[in-house]
Amino acid sequence: MDSALKEYFNSLKGKRVAVIGLGVSNQPLVERLLDAGVPVLACDKRRREEFNGLIEALERRGLETALGPGYLDHLDGADVIFRTPGLRPDVPQIARAVEGGARLTSEMEAFLDLCPCRIVAVTGSDGKTTTTTIIAGLLKAAGYRTFVGGNIGHPLLCQVDDIRPDDIVVLELSSFQLMTVRQSPSIAVVTNLAPNHLDVHRDMEEYVSAKRNIFAYQDACDRLVLNADSEITAGFAAQARGAVTLFSRRKRLEDGVCLREKTVFCCGRPVLRTDDILLPGLHNLENYMAAIAAVDGLVPDEVIRDFARTFGGVEHRIELVRELDGVRYYNDSIASSPSRTIAGLRSFRQKVILIAGGYDKHIPYDVLGPEIVQSVKALLLTGDTAEKIKQAARSAPGYQEGQPEILDCADLREAVERARTLAQPGDVVMMSPASASFDRFRNFEERGRAFKELVNGFC
């Protein structure tokens, strides 16, 4: 009998398949489609020379390509279109192809249809990656064979045949991935919701609606984990089809996960002392609470405690780069929104030297201003959002000229060098941009690595 994946690819034979974007998730998909004898049109806004020979190698295997400007102008006549997550599903060229009969899907949607085991999925504005990593780590520590994918890990569609029914898949899902899904995981987690990605989504309502899809197709046997301290996520409880588990750092919950006297309780039993959590910051406490709610009944409490004492966090998330001359340098490049930077600032008991600014996602920065006034010793700004962040700080209650000192920098290198000049023994320097990276870097990982290289280059 053919495997589920082979049957899926066989079902695409004889169809005209278009794959938009030859990034991390879609490149393995294209290769497997070609292996199965499926004709593929790859559409990518990058030019041929940017692929370092990849395109020519795939063309020798039969790939058709539409590259550079106008890359979406060749979708007419397609039977199936695999969308890259960062592209809206209603751009005119895709909408026209769908009206002409094309079926729109994605690597993730195909995986959700074919996955043979239980899926735990995490979404939210902040904390997705750390919460996903904690959940996967807890499940592995408890003895489960675990696969991690979505926004982190590896593309999982082409691994479907390696996944057994008693395994567990843990996914981090973005609003872009969730916009068009029609299947929800058995355990869904929403960490929080705040304005984000409004450069792509039409408005906050559309953004929230996309997040809602993580549980919209659950049934009565499924579980939804929600942040009771976030008004929007708490409101999702009334719309849930399955069981709801709330977590809260501020409220006492008898049937959920909550904090009492520096101890995390789950359904009334003590699970984890906050002193046992190696990761700094209240936001990481909330990430643990969400994870505990997700794995309740799957992972023993003692495994949770042992894991928390040793887990040092995820790269680019308040990552200690080095201590030099009594100054600690932290890389928080993942912070692409004001709420994420606020969480980073609140991880320290002292005022920090903050490097911020980047690509403008057209989200408000007003909420960041008061936190800067309260928690920042010096603010070094660079990138497209520098002026917005500066105005948010200067307009905040309690702001006085020079408190904090605000400096404009031409680029990240200048910001890091000026931070070193300003820092005194005992200070903390943190890059937490409150903005996306696309103005000067391909992604937040590249930005974080650039920061670390600069800091580690100090003599």
Which residue pairs have Cβ atoms closer than 7 Å, lie 6 or more positions apart in sequence or on different chains, and pair a first residue in the stretch 299-323 that is over 14 Å from T130 (Cα atoms) and of a type in the set (K, R) with a second residue that is open to solvent by 30 Å² or more (accessible area, probe 1.4 Å) and not in a helix (DSSP H, G or I)? R309/L278
Checking the conditions here, which among A243, A188, A194 is modelled with pLDDT of 95 or more, surrounded by fewer than 22 Cβ atoms within 10 Å (Cβ to Cβ) and among the hydrophobic types (A, V, I, L, M, F, W, C)? A243
Given the conditions (1) farther than 30 Å from N151 by Cα; (2) out of contact with any strand residue (DSSP E or B) (no Cβ under 9 Å at 6 or more places or on another chain), which single one is not true for S375? (2)
Qualifying residue in the stretch 181-189 (condition: part of a helix (DSSP H, G or I), touching a residue at least 60 places away in the same chain (Cβ under 8 Å) and farther than 27 Å from G143 by Cα): no
I'd like to know if the stretch 21-36 contains one or more residues that are open to solvent by 20 Å² or more (accessible area, probe 1.4 Å) and in contact with a Lys or Arg (Cβ under 6 Å, 6 or more places away or on another chain). yes
In the stretch 428-447, residues that are assigned to a helix (DSSP H, G or I) and either under 22 Å from K388 (Cα atoms) or open to solvent by 50 Å² or more (accessible area, probe 1.4 Å) (or both) total 3
Residue that is farthest from K211 (Cα to Cα) [pool: residues in the stretch 49-76 that are part of a loop (DSSP other than H, G, I, E, B) and open to solvent by 60 Å² or more (accessible area, probe 1.4 Å)]: R60
Looking at the stretch 85-99, can you tell me whether even one residue there is within 27 Å of Y207 (Cα to Cα) and touching a His at 6+ places or on another chain (Cβ under 7 Å)? no
Identify, please: which residue in the stretch 81-93 is in contact (Cβ under 8 Å) with a residue 40 or more places away in the chain and among the hydrophobic types (A, V, I, L, M, F, W, C) and is, among those, surrounded by the fewest Cβ atoms within 10 Å (Cβ to Cβ)? L87
Contact list, first residue from the stretch 220-246 and assigned to a helix (DSSP H, G or I), second anywhere and open to solvent by 40 Å² or more (accessible area, probe 1.4 Å), beta-carbon distance below 6 Å, six or more apart or interchain, is A237/V244
Among (1) within 30 Å of G86 (Cα to Cα); (2) assigned to a loop (DSSP other than H, G, I, E, B); (3) without any contact (Cβ under 8 Å) to a residue 24 or more places away in the chain, the one test that D255 misses: (1)
Just a yes or no: is a residue in the stretch 408-427 under 20 Å from S339 (Cβ atoms) and open to solvent by less than 50 Å² (accessible area, probe 1.4 Å)? no
Somewhere in the stretch 383-397, is a residue touching a strand residue (DSSP E or B) at 6+ places or on another chain (Cβ under 6 Å), open to solvent by less than 20 Å² (accessible area, probe 1.4 Å), in a loop (DSSP other than H, G, I, E, B) and not acidic (D, E)? no
So L253, is it under 13 Å from G124 (Cβ atoms) and either aliphatic (A, V, I, L, M) or open to solvent by 20 Å² or more (accessible area, probe 1.4 Å) (or both): no
Residue in the stretch 349-365 that is nearest to C409 (Cα to Cα), counting only those that are more than 20 Å from the chain's Cα centre (by Cα) and open to solvent by 30 Å² or more (accessible area, probe 1.4 Å): K351
Answer yes if at least one residue in the stretch 105-119 is closer than 30 Å to D219 by Cα, in a strand (DSSP E or B) and open to solvent by 60 Å² or more (accessible area, probe 1.4 Å), and no otherwise. yes
Only one of R317, R340 is of a type in the set (K, R), modelled with pLDDT under 95 and part of a loop (DSSP other than H, G, I, E, B); which? R317
Are any residues in the stretch 141-171 within 12 Å of the chain's Cα centre (by Cα) and open to solvent by less than 10 Å² (accessible area, probe 1.4 Å), and if so, which ones? G149, L171
Can you tell me which residue within the stretch 258-299, out of those that are in contact with a helix residue (DSSP H, G or I) (Cβ under 9 Å, 6 or more places away or on another chain) and in a loop (DSSP other than H, G, I, E, B), is surrounded by the fewest Cβ atoms within 10 Å (Cβ to Cβ)? K262
Restricting the search to the stretch 291-314, which residues are small (G, A, S) and either within 26 Å of P185 (Cα to Cα) or at pLDDT 95 or above (or both)? A291, A293, A294, G297, A308, G313
Would you check if there is a residue in the stretch 137-158 being in contact (Cβ under 8 Å) with a residue 24 or more places away in the chain, touching a Cys at 6+ places or on another chain (Cβ under 7 Å) and more than 28 Å from S336 (Cβ to Cβ)? no
Just the residues that are assigned to a loop (DSSP other than H, G, I, E, B) and over 12 Å from S435 (Cβ atoms), please, taken from the stretch 363-382. P364, D366, V367
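The values are calculated or read from the model by the stated rules, or taken from the named source; none is laboratory data. Every value quoted in this text rests on a predicted model; they were computed, and no experiment measured them. Using ideal geometry, Cβ is built from the backbone for each residue, glycine included, and neighbour counts are taken over all protein chains shown. Calculation scope for accessible area: heavy atoms of the full protein, side chains included, ligands and nucleic acids excluded. Shrake-Rupley method; radii C 1.70, N 1.55, O 1.52, S 1.80 Å.
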